[in-house]
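Any read-out appearing in this document is the output of simple, stated calculations on the displayed coordinates, not a laboratory observation. Keep in mind that what you see is a predicted model, and the values were worked out from it rather than measured. FYI the Cβ positions are ideal-geometry reconstructions off the backbone, even for glycines, and counts take in every protein chain you see.
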Amino acid sequence: MAESLNIENATVTIATDAQPDNKTRRYDRQLRLWAATGQSALENSRILVISGSATSTSILKNLVLPGIGHFTILDNEKVSPEDAGNNFFLEGQSSIGKSRAEEAVRLLAELNDSVESKADTSNLEDILEKNSSYLTSFTIVIAHNLDPKLLDRLSTLLWSDVSHPTLVVVRSAGFLAEFFIQFHEHPIIESHSETAPSLRLDKAFPALLDYSLSLDFETMDPTDHTHVPYVIILVRALEDWKKSHEGKPPQTYLEKKAFKEGVLAMKIKFDEENFDEAESQAYRCWTETTVPSEIASLFQYPALSSLSPSSPPFFHLLAALQKFTLEPPYTLPLTSTLPDMKANTTSYIHLQKLYKARAEEEKERFKSFLTVPVDDSIVDTFVKNAHGLKVLRGRKWGALDADPTALANAISTSSKQVAIHLSLSALTALIMKQPGVAPTIEALTQEAQSLLPPGSEFPEEFSDAVGEVARAPTADLPNTAALLGGLVAQEVIKMITKQYVPIESYCVVDLVETWTGII
Amino acid sequence: MSSQSASTSNTDWPGRYHHIDQVLNSPGPRTDPAFLAGDGVKDFLRHQAKILVIGAGGLGCEILANLALTGFKDIHVIDMDTIDISNLNRQFLFRTKDVGKPKATVAAEFIMKRVPGVKVTPYFGKIQDKDDNYYMQFNLVICGLDSVEARRWMNATLVNLVDPENPESLKPLIDGGTEGFKGQARVILPTITSCYECSLDMLNKPTAFPICTIANTPRLPEHCIEWASVLEWPRVQGDKKMDTDDPEHIGWLFSVAAARAKEFNIEGVTWSLTQGVVKNIIPAIASTNAIISAACCNEAFKIATSSAAYLNNYFMLIGTEGVYSYTFEHEKRDDCPVCGGEALELTFSADLTVEGLIEMLVEKQDIQIKKPSLSSPKSQIYLQAPPQLEEATRPNLAKRVSELVPNGGEVTVTASTLPFSLSLRITYT
Ligand SMILES: [Zn+2]
């Protein structure tokens, strides 16, 4: 064990100390966002994209560049003159008449040698019929403007088991578009939350409290006095305050003001910036550190009550976290990341060591609540990010359109988004009923009406949206395709890496007025 | 098919513009009534419009591809950089074999090869090399840059180009920028809408570490790296110029920073962090660049064709948590030094010295200036260059501003990094 640890340390040292290899250099700008763990998740992913449309290849471009493991384009069409005009991953006239999947795959594969690729020219209907396990072998399936009957079968297949791939449904017409992610649940450890974890000054751990009480501010060397970190100043000031206030922190406005004045009065020279910093951070003394409500609400999650050894590690970690928070100090485990603060090296590093030691102790206590073995590196990441944990719950594709009341309710909260959604749903339905016929505004409106409860009003933006759809029903505009390509790829990357927070529902895009929205 | 002559249309095979033409053949419900659907607008887009792209990097590659596919056929591109291996995770017109070649040239060749009939004219050099006549030839300018300084120059140049007598002199500027999962796209109509300079205070303040922290009380790995690059490099290497693209230089800085970190028990100095700090690296991914470039090109297309109203005037996207975006009108600033016309009001103590004023200006987020020179209508207050004038005006640094400028008086600020001069109106407290 000791030996293998040493080897691991040595490898890490080599990886970070030497000049990076070509792969690290190539991916440098993205590794700064999702690190090696995110990169390896991408490299292990297999993506299926249905159709080789301009939107499909735009999405894939943004996934091939950062280095997914594999992609397949499923498309049995030949390149038409229309395709050759709007798709950057076709070679103009010379591609016309060739397999759209093969041409697109060939030109996309050039972007990154380490990505495996495949053109599949078979028919989706046949696959759904005879070989559905092929479809479920991917990590994520993406479908652009897919025939609604096939889409229905595909989404039902992928929804039928929680282990099946996530489905991304993309629809666009002219300047308008939307996409939807179908998944059962999506736990996130590294949400990259921008809120910093609590320093727990109101519940100072023993070593921190002892240290702050051991300092004699009055007789201290004046240079050292100027370098006491605000964390220590506040812990001490709070302890002194509590002694004369029945053990309570400052509560009223006047008390808080008096506390701050007390902190400033500790200065021995007017320009001691560490005391100014302490004053500005004083709110930490009366902000009680508890379990944040968003985290506490995760403990209600059904998966926790039916935990079995085979449940995903995330839920075992969550259960351990809940047990941890039920004991004093009734908080999340401490994290050792300290913000920078006015201090000299010695005092800052000393403080950092106190936090690190305590964080280690709490991590060990956290681990004692785990009922199954979990990899140490995952435990580390989990504890470090405990304040930003998330579990997203998704829905099946089509659930909204199957529920007229929900759709009508959505109009009251996201009127312009629903206007576009209704128009695109109407278009999909019409194209299926009357293939090859240009949809009229009247026909589209009638289709949209049938989705809503009888007698409901359309959102006020509906006529704008439906007019735009009727104007360009089959237009896969290069700019719309490129924008969707970016948005969808961002969400797919977030799903695969399990980092950052993807959308849970529909994202709607209007490129006439240039906005995006969520239903 | 439009009725263009065979010579210009031999690459326009039937059906080529099937997708685009759907929005050019008829207006939408929100399209301006002045939109001339049909051949007129197609002819302008495909045969007359001339568009300039600044930058052939992360945004530039995307912008060029989108413009070419939407039908712009006379595209110019300026970029002063050469291709680096770290560009290949997003700058999709470049391959490993292109490393070291000029971005503008390689990008232009790629587009012309991939999209038939499009002419892309590259310029491998600086935007500052070109004069007003050059910029006058374009209908539109799209900026996809990562440098604040270059954008300020381009913005000021296009604002100054506006001649009220000549409507052709007003060149819409579309500007995009990204950082990680976030980005923004905006439309600037010089002198009419808010300009780049008007919104300078929206930029994040660059992290600067006080020299005394770096020299005496390092706490973070970044402090050790700054010590190596700001203090140790000039001390040890003398006049040798630091090249942050040279792995040997980064290696030297890394080992010096790591040694200092060890001495102070500071953890976390790595090669990657060293490079990130000294090069001020901003995370960048293909997908965000695609979103922002598409938004920029969509505005260019709408402005060039009037097929839909263009953005008024700012689109901001945050993709870290869900897809959050915000579209709003950024207000023009009356005291904008580029497009406002009014002097910037500045109030300070009558005891403030010239040196104090310079420090104050350097700190000000809404003007972002590095080494300002100051003058009043009557005299030169302090000049950073040339050396003789610097020496001659240096004694003024210790003087109070109020000795040199009356209450309510004007001070003109210039700097080599600013393509314009800034007027301040001074009030003493
Ligand atoms: Zn301005």
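Any idea how far the Cα center of the range A:185-199 sits from the one of the range B:255-279, in Å?
Using only Cα atoms, the two centres lie 27 Å from each other.
Work out from phi, with θ = phi - 60° and the Karplus expression 6.51 cos²θ - 1.76 cosθ + 1.60, the ³J(HN,Hα) of each residue of the range B:158-168, listed in order in whole Hz, and give x for Gly and Pro.
Computed from phi, the couplings for the range B:158-168 are 6, 5, 5, 6, 5, 10, x, 6, 10, x, 5 Hz.
Between B:Ile63, B:Ile51, B:Ile20, which gets the highest mean-square fluctuation from a Gaussian network model of chain B, Cα cutoff 10 Å?
Among B:Ile63, B:Ile51, B:Ile20, the largest mean-square fluctuation in the Gaussian network model of chain B belongs to B:Ile20.
Could you give the C-alpha radius of gyration of the protein assembly as shown expressed as a fraction of 2.2 N^0.38 Å, taking N as the number of residues it contains?
Numbers: Rg = 30.5 Å, N = 948, 2.2 N^0.38 = 29.8 Å.
Output field value: 1.02.
Which residue, B:Ser293, B:Ser255, B:Ser373, has the most motion in a Gaussian network model of chain B that connects Cα atoms within less than 10 Å?
Per the Cα network of chain B with a 10 Å cutoff, B:Ser255 tops the list.
How many angstrom lie between the Cα centre of the range A:17-43 and the Cα centre of the range B:203-237?
26
For chain B, with a Gaussian network of springs between Cα atoms less than 10 Å apart, report the residue from B:Phe35, B:Phe138, B:Phe254 with the top mean-square fluctuation.
Among B:Phe35, B:Phe138, B:Phe254, the largest mean-square fluctuation in the Gaussian network model of chain B belongs to B:Phe254.
Across peptide B:249-258, how many C-beta atoms of other chains are within 10 Å of each residue C-beta, on average? Mind dumping the intermediate values first?
Values: counts 0, 2, 3, 0, 0, 4, 1, 0, 0, 1.
Partner Cβ neighbours, averaged per residue: 1.
Work through the residues other than B:Glu168 whose Cβ is under 14 Å from its Cβ and net out their charges, Lys, Arg +1 and Asp, Glu -1.
-1
In degrees, nearest 10, range 0 to 90: what is the angle between the Cα axis of helix B:58-70 and the longest Cα principal axis of chain B?
Relative to chain B, helix B:58-70 is tipped by roughly 20 degrees.
Using all C-alpha to C-alpha distances in the range B:260-308, build P(r) with 5 Å bins and read off the rounded percent in each one.
5, 16, 12, 12, 11, 9, 8, 8, 7, 5, 4, 3, 2
Once the other residues with Cβ under 12 Å from the Cβ of A:Ala475 are scored (Lys, Arg +1; Asp, Glu -1), what is the net sum?
Net local charge, A:Ala475 excluded: -3.
From the P(r) of the range A:411-471, could you give the percentage of C-alpha pairs in the tail past 18 Å?
Result: 26 percent of Cα pairs exceed 18 Å.
Residues with beta-carbon under 13 Å from that of A:Glu218, excluding A:Glu218: net charge, scoring Lys, Arg +1 and Asp, Glu -1?
Net of charged neighbours comes to -2.
After finding the eigenvalues of the alpha carbon gyration tensor for the range B:211-278, what semi-axes result from the square roots of 5 times each, listed largest first in whole Å?
Working from the Cα gyration tensor, I get semi-axes of 18, 14, 9 Å.
For the range A:261-387, just the Cα atoms, rotate onto the principal axes and tell me the three extents in Å, largest first.
61, 28, 19
As a check on your grasp of the helix formula, calculate [θ] at 222 nm for chain B: sum -39500 (n - 2.57) over DSSP H runs of n ≥ 4, divide by the residue count, round to the nearest 500. Before the final figure, lay out each step's value.
Details: 16 runs with 145 residues, N = 429.
Mean residue ellipticity at 222 nm (helix-derived): -9500 deg cm²/dmol.
Kindly list the residues of the range A:332-347 that lie in the label zone of B:Glu363, defined by a backbone N under 18 Å from the point 7 Å along the Cα-to-C-beta vector.
A:342
What is the magnitude of the charge dipole of the range B:181-237 about its Cα centre, with +1 placed on the Cβ of each Lys and Arg, -1 on the Cβ of each Asp and Glu, and no other charges, expressed in debye to the nearest 20?
With Lys and Arg at +1 and Asp and Glu at -1, about 120 debye.
What does the convex hull of the alpha-carbon atoms of chain A project to on average, in nm²?
Values: hull surface 126.2 nm².
So the mean shadow area of the Cα hull is 31.6 nm².
For the range A:201-286, take every pair of Cα atoms, bin their distances at 10 Å starting from 0, and report each bin as a whole percent.
Bins of 10 Å from zero give 18, 54, 26, 1 percent of pairs.
In whole Å, what is the distance between the alpha-carbon centres of the range A:306-346 and the range A:380-449?
Using only Cα atoms to place each centre, the spacing works out to 37 Å.
Rounded to two decimals, what is the ratio between the C-alpha radius of gyration of chain B and 2.2 N^0.38 Å?
Dividing the Cα Rg of chain B by 2.2 N^0.38 Å gives 1.12.
With a Förster radius of 45 Å, plug the Cβ-Cβ distance of B:Asn265 and A:Ser293 into 1/(1 + (r/R0)^6) and report the FRET value to the nearest 0.05.
Approximately 0.75, to the nearest 0.05.
Shielding of A:21-27 by partners, i.e. mean partner chain Cβ atoms within 10 Å per residue?
Details: counts 0, 3, 1, 4, 8, 7, 5.
So the per-residue partner count for this stretch is 4.
What FRET efficiency do you get for A:Ser311 and A:Glu361 if R0 is 22 Å and r is their Cβ-Cβ distance, rounded to the nearest 0.05?
0.20
I'd like the Kirkwood hydrodynamic radius of the range A:113-240, using the inverse of the mean 1/r over distinct C-alpha pairs, in Å.
20.7
For B:Leu140, which sequence-distant residues (separation of 5 or more, or a different chain) have an amide H within less than 5 Å of its own amide H, given hydrogens modelled in the peptide plane?
Sorted by chain and number, the residues that satisfy this are B:Lys50, B:Leu52.
Where nothing but the Cβ of Lys and Arg (+1) and of Asp and Glu (-1) is charged, how large is the charge dipole of the range B:374-429 around its Cα centre, in debye to the nearest 20? Working shown, then result.
Numbers: 5 positive and 4 negative charges, 28 e Å.
Around 140 debye, computed over the range B:374-429.
What is the mean number of Cβ atoms from other protein chains located within 10 Å of the Cβ atom of each residue in peptide A:346-354, rounded to a whole number? Kindly include the intermediate steps, with their values, before the conclusion.
Values: counts 4, 2, 7, 6, 1, 1, 4, 1, 0.
Mean shielding by partner chains, rounded to a whole number: 3.
Please report, to two decimal places, log10 I(q)/I(0) for the range B:342-428 at q = 0.18, 0.24 Å⁻¹ as given by the Debye formula with identical point scatterers on the Cα atoms and no solvent.
Reported log10 I(q)/I(0), two decimals: -0.72, -1.36.
What's the longest uninterrupted piece of chain B once you rule out the trypsin sites (Lys or Arg not before Pro) that are loop residues per DSSP with at most 12 other Cβ within 10 Å?
No qualifying site falls inside B:242-369, the longest such stretch.
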